[in-house]
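> Dropping a structure here in structure tokens format, bear with me for questions.
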């Protein structure tokens, strides 16, 4: 195996414009003390509240944690939650100068209620989302495009993180793509199923279920996924390649030259939560490609970084020292 540790320092010092649906992830944690008399549910006594960057803000948080700059482009509401999200992003070192305020929609919040029951991590009991899925208006789209055009000279790549809550319309993606291509920037996307919007990009990522749904066929073996990755790479005319993530089975990629490869996942124990693993993957793929890593080594780096994330509850952004340690422990040379 290649010496993946050598790529870790090259994940730093890059600048990526991250555009997509930004969320505030709220975690309300309480200790389960008894069952309610009103309904068959546990009663939790409040212990703590955590606010974490979510949605497209999570790839940005990963980029910053790995030593690079993230320029966040997204839409928030004119509400107190939007103010809190700004503060959370600033606290993570994310550049928020290109956030657009839309008074006609709420800031997206995903509130998770977790019960502490003496285990290593609390267990999720319920989730309540506050959001709008309506596409952004033409006026807001113009503001977003203007924000992108203003910041493109500072970036080397544009990463699209599509959570399907109205920002990344087909027209917006096309307008940003044309502008970024004209500037010679790398384009990457976590399409989360809406693959057609990202044709002509450098790297596009989706997971196994999204690939099955898009291609409308079952995929199970390495050979199935290799054929699927190759078909998606060709359909989308990707200039670097297509990556299909497969959880504990690793990831399968197809390069622009028509070759395919399966990259196994590290042998991770104590998997607690898969939330955020895909965000980490696209962040690492983008930074590694900017650093000059070939697609297979970039994918193996991303697999390792995602392995660190699934051992935590909620979004987590691994640091370079953690990634190096994981490569040492799980095999990275």
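Every number in this text was worked out from the coordinates using simple rules, so none of it is lab data. The model shown is predicted, which means the values in this text are computed figures rather than measured ones. Every residue, glycine among them, receives a Cβ derived from its backbone with ideal geometry; neighbour counts consider all protein chains shown.
> Assuming a ≥ b ≥ c are the square roots of the Cα gyration tensor eigenvalues, decide whether region 212-256 counts as rounded (a/c under 1.5), prolate (otherwise, with a/b larger than b/c) or oblate.
Oblate is the answer for region 212-256, as a/c is 1.5 or above yet b/c matches or exceeds a/b.
> Does region 1-154 classify as rounded, prolate or oblate by the C-alpha gyration tensor (a ≥ b ≥ c root eigenvalues; a/c under 1.5 gives rounded; else a/b over b/c gives prolate, otherwise oblate)? Walk me through the intermediate numbers first.
Details: a/c = 2.98, a/b = 1.39, b/c = 2.13.
Here region 1-154 falls in the oblate category.
> Also, I was wondering about something else. Quick one: if you stick a label point 7 Å off each Cα along the C-beta vector at residue 239 and residue 36, how many nm between them?
For the pair residue 239/residue 36, the computed spacing is 5.4 nm.
> Right, another one. Once the principal axes of the Cα atoms of region 153-209 are found, what is the range along each, listed largest first in whole angstroms?
35, 21, 18
> On alpha-carbon atoms, Rg over Rh for region 288-333 using Kirkwood Rh?
Numbers: Rg = 10.8 Å, Rh = 11.1 Å.
Rg divided by Rh gives 0.97.
> Here's another thing I want to ask about it. Counting other beta carbons within 10 Å of each residue's own, what order do 84, 300 fall into, fewest first?
Numbers: 84 16, 300 29.
By the 10 Å Cβ count, ascending, the order reads 84, 300.
> Okay, helix-only estimate at 222 nm for the chain: each DSSP H run of n ≥ 4 adds -39500 (n - 2.57), divide by all residues, round to 500 deg cm²/dmol; what do you get?
Values: 9 runs with 111 residues, N = 333.
Per the formula, -10500 deg cm²/dmol.
> Now a separate question. For a distance above 19 Å, tell me the whole-number percent of Cα pairs in region 181-333 that qualify. Numbers along the way, then the final one.
Details: 5714 of 11628 pairs.
Taking all Cα-Cα pairs of region 181-333, the fraction more than 19 Å apart is 49 percent.
> Pick out which of 318, 122, 106 has the largest mean-square fluctuation in a Gaussian network model of the chain, springs linking Cα atoms closer than 10 Å.
Among 318, 122, 106, the largest GNM mean-square fluctuation belongs to 122.
> Looking at the chain, send over the antiparallel percent of its DSSP beta bridges, to the nearest 5.
Working: 29 of 66 bridges.
Of those bridges, close to 45 percent are antiparallel.
> Can I ask one more? If you build a Gaussian network model of the chain, linking Cα atoms that sit under 10 Å apart, which residue out of 45, 297, 210 swings the most?
Taking springs between Cα atoms under 10 Å, the residue moving most is 45.
> Shifting gears a bit: Out of all DSSP beta bridges in region 89-223, what portion is antiparallel? Express it as a percent rounded to 5. Working shown, then result.
Values: 7 of 15 bridges.
Counting only bridges with both partners in region 89-223, antiparallel ones make up about 45 percent.
> What does the C-alpha gyration tensor say about the overall shape of region 105-263? Classify as rounded when a/c is under 1.5, otherwise prolate if a/b is larger than b/c, or oblate.
Working: a/c = 1.97, a/b = 1.02, b/c = 1.92.
Cα axes put region 105-263 in the oblate bin.
> List the equivalent ellipsoid semi-axes of the chain in whole Å, largest first, each obtained as the square root of 5λ for an eigenvalue λ of the Cα gyration tensor.
Values: eigenvalues 180, 133, 74 Å².
Largest first, the chain gives 30, 26, 19 Å.
> Of all DSSP beta bridges in region 1-87, what percent run antiparallel (nearest 5)?
On the way: 13 of 18 bridges.
About 70 percent, rounded to the nearest 5.
> May I ask for the percentage of alpha-carbon pairs in region 106-181 that lie more than 21 Å from each other? List each step's numbers first, then the result.
Values: 1341 of 2850 pairs.
Result: 47 percent of Cα pairs exceed 21 Å.
> Still on this model: Rg and Dmax of region 211-286 over Cα atoms: what are they, in angstrom?
When restricted to the Cα atoms of region 211-286, Rg and Dmax are 12.8, 38 Å.
> Pick from 261, 50, 192 the residue whose mean-square fluctuation is largest in a GNM of the chain, springs joining Cα atoms under 10 Å.
50
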